[in-house]
Amino acid sequence: MTAQDTAPPLLTPDRLDEVEGWFFDADRFVFGWLLERQRELGTRGDLLELGVYKGKSAIVIGYHAAEGERFTVCDLFDAGEAPDESTATEMRVYYPTLTRQVFEANYLRFHRRLPTVVQGSSAGITGHVGAGSCRFVHVDASHLYHHVRADIAAAREVLIEDGVIALDDFRSPHTPGVAAATWEAVLTTGLKPVVLTESKLYGTWGRADALRDALAERLATHAALWGVTEDVAGHTLLRVHSR
Ligand SMILES: C[S@@+](CC[C@H](N)C(=O)[O-])C[C@H]1O[C@@H](n2cnc3c(N)ncnc32)[C@H](O)[C@@H]1O
């Protein structure tokens, strides 16, 4: 008998709502669609999430790491690890019940193995993830402008040419710093916004048109979501809405 035979059965993805967090249906769909499309096109690369909280979005990303691809997550997990007082305050207000143990226990209810866990500020992530190594980066850590700006710069460094960045909370009322950093990246670094949901902006520094058009085509037959394109600051982006 192997350890695998005696391990408790894993939960199926439809039980994800048992994990506390902020990861909504439209984004679950877009994450899955994007990551599968990359695989179908033969795009290989590692996966990275900055800001995991209790694991809700990380559990979904973990399903898409192919053999030989590394999935890395980074989180402070504890106010004591915060790089500055504003971040420590944000941790105490928004994430008082978070611990690394809770994240790991949640993740292991859905997957047999943990991703590579980096405990600490996302400011140090390029010391753990190589330049040009990732096909997908989810930025969902600090909401403070200077940190998000640095996270976007790090994402740009670690992404491959047609890699995709997903930026959470780019327009929530309580996160103006994320909005400022996101649109600054669009206007000054060449980030192309491709898809917008209620919560996230998806973009690339690579080729945007084929990605956007393929998702628009898929949404035309989606039961719960629909998309409409809009031109913004020289970019044609796809807004995704619930039916
Ligand atoms: C909004 S939550 C992440 C939500 C998660 N992705 C989900 O799907 O539920 C933000 C997380 O970022 C972490 N965080 C905040 N500032 C950070 C920083 N500077 N570096 C790393 N992690 C940070 C917090 O500890 C928290 O777990």
(message) Whole-Hz ³J(HN,Hα) for each residue in segment 81-98, computed from phi via Karplus 6.51 cos²θ - 1.76 cosθ + 1.60 with θ = phi - 60°, x for glycine and proline: what do you get?
(response) 8, 5, x, 7, 5, 4, 5, 4, 5, 4, 5, 5, 6, 9, 10, x, 9, 7
(message) How large is the Rg to Rh ratio of segment 109-221 when both quantities use alpha carbon positions and Rh follows Kirkwood?
(response) 0.98
(request) Report, ordered by chain and residue number, the lysines lying within cross-link reach of Lys192, taken as a straight Cα distance under 17 Å and ignoring same-chain residues fewer than 8 apart. (result) Lys200
(message) If R₀ is 35 angstrom, what is the calculated FRET efficiency for the pair Phe24 and Leu187, using the beta carbon separation as r and rounding to 0.05?
(response) 0.85
(request) Please work out the average accessible area per residue across the chain, using the 1.4 Å probe convention, and give it in Å². (result) 47
(request) Rounded to whole Hz and in sequence order, give me ³J(HN,Hα) for segment 118-123 from the Karplus expression 6.51 cos²θ - 1.76 cosθ + 1.60, θ = phi - 60°, writing x for Gly and Pro. (result) 9, 8, x, 5, 4, 4
(request) Calculate how many DSSP beta bridges within the chain are antiparallel, expressed in % of all such bridges and rounded to the nearest 5. (result) 45
(request) Consider all pairwise Cα distances in segment 1-99 and report the whole-number % of them above 16 Å. (result) 66
(message) Leaving out ligands, DNA and RNA, and with a 1.4 Å probe, what % of the accessible surface on the chain is carbon or sulfur?
(response) 52
(request) For the chain, build the convex hull from the C-alpha positions and give me its volume per residue in Å³. (result) 136
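The values are calculated or read from the model by the stated rules, or taken from the named source; none is laboratory data. Everything numeric here is computed off the predicted structure, so don't read it as measured data. FYI the Cβ positions are ideal-geometry reconstructions off the backbone, even for glycines, and counts take in every protein chain you see. The area values use the complete protein model at the heavy-atom level, side chains included, leaving out ligands, DNA and RNA. Shrake-Rupley method; radii C 1.70, N 1.55, O 1.52, S 1.80 Å.
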